[in-house]
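The structure appears below as structure tokens.
Each reported figure results from applying straightforward, stated rules to the coordinates on display, with no laboratory input. Bear in mind that the values here come from a model prediction, so they are computed numbers and not experimental data. Reconstructed Cβ throughout: ideal geometry from the backbone, glycine too, with neighbour counts over all protein chains shown.
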Amino acid sequence: MYGIIAFFRKNYFVLLFAALEFLSLSFVFKDNYYHEAGYFNTSNSIAGSIYTTESNISSYFSLKTQNNQLVEENAQLHNLIAGTGDTTKHPKVLQKNPYGQQFNFMTAEVIDNTTNLLNNHITLNVGKTQGVVSGMGVMAPSGIVGIVVNVSDHYSVVMSLLHKNFQLSAMLKKGGAFGTISWKGGDYQMALLSQIPMSEKVKVGDTVVTSGYSNIFPKDVMVGVVEEFKPIPDQYFFSIKVRLATNFKKLRYVYVVSDLGKQEKTDLEDKTTKEEGH
Amino acid sequence: MVTEFVKNIFRFFLFILIQVAIIKHLELGRFINPFLYVIFILMLPIRMDRTLVMVLAFFSGMVVDMFYNTMGMNAAACVFMAYCRPWVLNFYSPKGDYETSSKPNIQSMGAIWVASYAGTLIVLHHLVLFFLEALTLSSFFTTLLKVILSGAATLGLVLLSQLFMQQRRQR
């Protein structure tokens, strides 16, 4: 017994070091694999209010650019309604399914955003109160942005497409081949489209859009255009560099996308499991 | 003694605010992400209890993690840095140990001492941080380059901040 106490007294510094490292690393790995809802991120009220203040100040300096972007988007939407626009150039805000409107778009303001890290996140000024839940998609007028990973009452944290763990099903508009879009760090304008079989025809300049398989985004939301492609040796797939449609450095207003059908589906599943439980 | 305590608390808030509100949004390219807030840990008194230093380091790392959405990464890096600090201090100790009045700043110890002491600890901190961020060794050299370039940027900012604080003191 005395031996144990003596051991602790002698090595308390190393033991404290080990304990704190273990604690920190468990946070790192837990966060990396589960993205559990927690409040120790920019969605909490302290970080949220600091970044809201900062964004309120900085927004004055970009009012003109923002106005231009909104006007441009308005024009695109008018074109879409008139049926004269090219639908790949902008999100399908009015997409319908046989049962009526399937996707709901909520406007949100970006209050914090980075592009120069390996794991970039975006903080939005909408949260649970506005109906945001983890797993919803986020898109800008020009293309996809990311996926909501953490929500508090008034803020939400989005895993940017510019995050090493980001993955989303995407497809080539021409030919319809499916692949996965991801980002490996580096250039904020370039992403990687993988798992497109070498049997498919790929051309530089081809449009890459969402596949709609994940129930996160509607089908055909713009991702980017093929910049460069080469076959991976010994594999049957192309490695495709995609120039992203979204300018992540200039994000200001975005849409949080909720799949109304998904909600219905999960509700039905919940109900079924409950009834089976009785 | 009390004023030193207040100064340290002031530095904690000031440098963390500078880190998360300004430096986080600087766009200096993919290899340069300075972490100036570690200056708070670097400038804790030389003779401060190493256990307390470690707890404070953990705490400051967690606060920065909160703003970076990088749960635990900065905390792990800071704890490692605090663990190494006594050895680094010992390694760079002048002949006949530190004076009781010595502070880890340029005015008290000179620029060369601060650059080597801070430089060593910053590299150790950034090594843990950037390898945890990558969480793989496949991009080993990219990550290493990031450690070196960001480390140099952090050290530059630390020295600049010290000179700035020193000038204010003299005025």
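Structure notes:
- Here the Karplus relation 6.51 cos²θ - 1.76 cosθ + 1.60, evaluated at θ = phi - 60°, turns the backbone of region B:4-21 into coupling constants of 4, 4, 4, 4, 5, 5, 4, 4, 3, 5, 4, 6, 5, 5, 4, 4, 7, 9 Hz, with x for every Gly and Pro.
- DSSP-assigned coil residues among trypsin sites (Lys or Arg not before Pro) in region A:136-201, each with at most 11 further Cβ atoms within 10 Å: A:201
- Mean separation of Cα contacts under 8 Å, 6 or more apart, over the residue count of region A:167-244: relative contact order %: 31
- Out-of-range pairs (alpha-carbon distance over 18 Å; input B:24/B:146; A:174/A:219; A:30/A:164; A:184/A:219; A:128/A:249): A:184/A:219; A:128/A:249
- Among the residues of A:184-193, the average count of other protein chain beta-carbon atoms within 10 Å of the residue beta-carbon is 2.
- For region A:124-263, the relative contact order works out to 24 percent when only alpha carbon pairs closer than 8 Å and six or more residues apart are counted.
- Low-density loop positions, trypsin sites (Lys or Arg not before Pro), region B:16-50 - DSSP coil, at most 14 other Cβ in 10 Å: B:47
- Over region B:2-170, relative contact order from alpha-carbon pairs under 8 Å, at least 6 apart, %: 25
- Relative to the longest principal axis of the Cα atoms of chain B, the long axis of helix B:111-134 makes an angle of roughly 30 degrees.
- When shorter helices are ignored and each DSSP H run of at least 4 residues is given -39500 (n - 2.57), the per-residue value for the protein assembly as shown at 222 nm works out to -15500 deg cm²/dmol.
- Rounded to the nearest 10 degrees, the angle from helix A:2-34 to the longest Cα principal axis of chain A is 10 degrees.
- FRET efficiency estimate (nearest 0.05) - Cβ-Cβ, residue B:152 to residue B:3, R0 25 angstrom: 0.15
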